[in-house]
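A.B. asks: Here you go, one structure.
No value in this document is a laboratory result; all are computed from the given coordinates. All figures in this text were calculated on a predicted structure; none of them were measured in a lab. As a convention, Cβ positions derive from the backbone with ideal geometry for all residues, glycine included, and neighbour counts pool all protein chains shown.
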Amino acid sequence: MIIFKNEFVEIIKEESHIPWLKIFTTENYKELTDCPDDLRQKLYFCMETVEKVMRDYYNPTKINIAMFGNYVPRLHIHVMARFEDDGFFPESMWGKKQKEPNLFLPDEKLFLEELKKKLMKVF
């Protein structure tokens, strides 16, 4: 599900039991260093904004940020709020499931609204 899009980035919500967003560049770049400098700055700002809003809203144990692109060879950044009670903690979300999740998170609609507001101020 696309939750934010402008001429530079597109943010997609990953289907998961944790808050997990993926930030894509709207143009197709393979690697971060393929991006023009100004786009890299916008991408970093976007990632930082997602992290800050996630931390403020969900109060996670940890934020995980990852860039792989092995299966999807288009530049994108994963930003995930991690909790001791999520199903994979402390392993990565791509690792072996450790337990059944036991999370009671606030409504994501308010999180997404707050994130959009913050992003609109800069973009």
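A.B. asks: From the convex hull of the Cα coordinates of region 45-107, what is the mean projected area in square nanometres?
C.D. replies: 5.0 nm²
A.B. asks: Shifting gears a bit: Relative contact order, percent, of the chain when contacts are C-alpha pairs under 8 Å separated by at least 6 residues? Mind dumping the intermediate values first?
C.D. replies: Working: 179 pairs, mean separation 28.9, N = 123.
About 24 percent, as a whole number.
A.B. asks: What value, in deg cm²/dmol to 500, does the helix sum -39500 (n - 2.57) over DSSP H runs of n ≥ 4 give at 222 nm once divided by the residues of the chain?
C.D. replies: Taking each H run of at least 4 residues, the total per residue is -10000 deg cm²/dmol.
A.B. asks: Expressed as an acute angle from 0 to 90° and rounded to the nearest 10, what is the orientation of the C-alpha long axis of helix 37-58 relative to the principal long axis of the chain?
C.D. replies: 20 degrees
A.B. asks: Considering every pair of different Cα atoms, what Kirkwood radius, in Å, is found for the chain?
C.D. replies: On the way: mean 1/r = 0.0666 Å⁻¹.
So the Kirkwood estimate lands at 15.0 Å.
A.B. asks: Something else about it: Calculate, for residue 108 and residue 38, the FRET efficiency according to 1/(1 + (r/R0)^6) with r their C-beta to C-beta distance and R0 30 Å; round to the nearest 0.05.
C.D. replies: On the way: r = 31 Å, r/R0 = 1.02.
Plugging the Cβ-Cβ distance into 1/(1 + (r/R0)^6) gives 0.45.
A.B. asks: How far, in degrees from 0 to 90, does helix 108-122 lean away from the longest principal axis of the Cα atoms of the chain, to the nearest 10?
C.D. replies: On a 0 to 90 degree scale, this one is about 20.
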